[in-house]
Structures are given as C-alpha cells and as structure tokens.
1. Restricting the search to segment 187-202, which residues are basic (Lys, Arg) and in contact with a helix residue (DSSP H, G or I) (Cβ under 8 Å, 6 or more places away or on another chain)?
2. Quick one: Arg161 ticks every box in (1) within 17 Å of Ala28 (Cβ to Cβ); (2) out of contact with any helix residue (DSSP H, G or I) (no Cβ under 9 Å at 6 or more places or on another chain) except a single one, so which number is it?
3. List the residue pairs whose Cβ atoms are under 9 Å apart, where the first residue sits in segment 87-105 and is assigned by TED's automatic domain parsing to the domain that holds Leu69, the second is part of a helix (DSSP H, G or I) and small (Gly, Ala, Ser), and the two are 6 or more positions apart or on different chains.
4. Across segment 183-240, what is the number of residues that are in a loop (DSSP other than H, G, I, E, B), free of Cβ contacts under 8 Å to residues at least 24 places away in the same chain and aliphatic (A, V, I, L, M)?
5. Could you say which residue among Lys82, Lys59, Lys48 is in contact with a helix residue (DSSP H, G or I) (Cβ under 7 Å, 6 or more places away or on another chain), modelled with pLDDT under 95, in the same structural domain as Lys139 (by TED's automatic domain parsing) and not polar (S, T, N, Q)?
6. Being within 30 Å of Arg37 (Cα to Cα), surrounded by fewer than 16 Cβ atoms within 10 Å (Cβ to Cβ) and among the hydrophobic types (A, V, I, L, M, F, W, C), is that true of even one residue in segment 168-183?
7. Say whether the condition of being in contact with a strand residue (DSSP E or B) (Cβ under 7 Å, 6 or more places away or on another chain) and not in a strand (DSSP E or B) is met by at least one residue in segment 163-182.
Amino acid sequence: MTVAIAAGTLRTLHRMHRQLADLAEQLAAGPRAVAARTRQVQAAEAKKAAAADDVKKAKLAADQKQLQLKSAETKIADLEAKLNASKTNREYQTLGDQIAADRMATKVLEDEILEALERIDVLKPAVPAAEAEIETAKKLLAEADTKVKAESGRLEAEVARIRGDLQTAEKDLADDVREKYDRVVKQKGADGMSTVDGQTCGGCYQQLTGNMLSDVLLGRIIICRSCGRLLYLPESSTSA
C-alpha cells in the first residue's frame, strides 16, 4: 500500500468515524431536548399546584378568621344580654368592660379578614398564569417530540449508510494495519486517529521521533506513544 493510499484510507475512515460520532450526538441530543421540555412542563405544573395551594391556604385562613369573628360576635351578644339583665353596678361595669374589650378584638379580626381577602385577590391570578405556562410548555414539548421523531429516522438512516461505507472502506486496510486500527477504534472511537501536524501528533501535539516521522512518510502505520492515536499524513503531504 502506497503512502498516499494508506493515508487516504485512514483519512476517509477517520472522517466517517467523526461523522458517526456527530450523528450519535445528534441522536442523543433529541431525547435530551424532549426531557428538558418535559421538565419544563413538570415545573409549570408544580408552579400551578403551589399557586393553587397558596390560594387554598389563604382562603382557609380567611375562613378561620371569619369563624372567630362570628364566635366573638355571638359572645358579645350573650354579654349584652347579661348586661341588660345585670342587677348591680359592679356587674354592669364588669360586663361593659368585657364587651368593650371584645369589640376591640372583633375590630382587629375584621381588619385581619380584610387583609386575608386582599391576599386571596393577590394570589388568585398566579393560578391562571401558571395554567397558561403549562399550555405553552406542553406545546413546546409536543413540537420537540415531533421534531425529534422526524429527525431520528433521517439520522438513523444516515448512520446506517455511513456504517455501510465504513465497512467497505475498512476492507482496504492490510491485515496488520486492521489489527491496530480495530484496537484503537475500540478504545477511542472517533478520537482514535489524527493527522501528523508538522513533526507532532495532531491530537496531543507531542513531538514525534525521527524514526516515527520516517515511518509515516514511508506509509507505515504508527501509533502516537503519548496519546495512542493512529497517525496518518495530512492530505497536503500525500498530494505533494
């Protein structure tokens, strides 16, 4: 095998492996995008649930205050009945003081109820806003899922085509070269090959020995002692 043929074959194989690695990344990116959109839907649903729970808690707090107010008003009515039926000045004074204190307490409760109702009005809009966010997130999820399904078929077909071309190209490798090639590709995949960059490995940029450079120029297959990549001459060198 001449220098040009050896380098050209490795260059072609390396290009195909890079294409396959890129396609594999694209295939993996699709499900990641769908997963990300799914998480957005889940986050929006959690946001709605939290908003609804805040409204529920605010309503419960308002209801409890209203029950307390009703109980206080009933108590005041009972005290007023006792006040009207009181027989001594002392009893009258005591009941009057108690009624005054309870009325002050009910005024505080009324203010707290008003605040609670205002809080409900503030919290309520968050629920429909979260519902709208859910709808948007679901729409984006559906679009991502449709796109990924459409793209995956095309990408898988491209992978199959390149794998077929790769198997054909690998037949051009001599047996001894094929052994090194298989071992390196198994370990490093698309990153298992590199051009020679001047006098260094194009992958790790470590200096190559004079003997290694001579072997490459003679068309022999060498492996970088530093990074373990299979090295070949760049196209400009083989065509010179």
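1. Start the filter on segment 187-202 by keeping residues that are basic (Lys, Arg), which leaves 188.
Passing the criteria: none in range.
2. (1)
3. Asp102/Ala72; Arg103/Ala72; Ala105/Ala72
4. Result for segment 183-240: 2.
5. Numbers: Lys59 fails: modelled with pLDDT under 95; Lys48 fails: modelled with pLDDT under 95.
On inspection, the qualifying residue turns out to be Lys82.
6. Quick first cut of segment 168-183, residues within 30 Å of Arg37 (Cα to Cα) only: none.
Scanning segment 168-183, I find no residue that is within 30 Å of Arg37 (Cα to Cα), surrounded by fewer than 16 Cβ atoms within 10 Å (Cβ to Cβ) and among the hydrophobic types (A, V, I, L, M, F, W, C), so the answer is no.
7. Checked against the condition, which is being in contact with a strand residue (DSSP E or B) (Cβ under 7 Å, 6 or more places away or on another chain) and not in a strand (DSSP E or B), segment 163-182 yields at least one hit.
For (1) in contact with a helix residue (DSSP H, G or I) (Cβ under 8 Å, 6 or more places away or on another chain); (2) in a helix (DSSP H, G or I); (3) modelled with pLDDT of 95 or more, each residue gets a yes or a no:
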{"position": "Ala7", "(1), (2), (3)": "yes, yes, no"}
{"position": "Arg11", "(1), (2), (3)": "yes, yes, no"}
{"position": "His14", "(1), (2), (3)": "yes, yes, no"}
{"position": "Leu20", "(1), (2), (3)": "yes, yes, yes"}
{"position": "Arg37", "(1), (2), (3)": "yes, yes, yes"}
{"position": "Gln40", "(1), (2), (3)": "yes, yes, yes"}
{"position": "Ala44", "(1), (2), (3)": "yes, yes, yes"}
{"position": "Asp63", "(1), (2), (3)": "no, yes, yes"}
{"position": "Gln66", "(1), (2), (3)": "yes, yes, yes"}
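The values are calculated or read from the model by the stated rules, or taken from the named source; none is laboratory data. All values reported here derive from a predicted model rather than from experimental measurement. Here the Cβ is made from the backbone with ideal geometry for all residues, glycine too, and neighbour counts use every protein chain on show.
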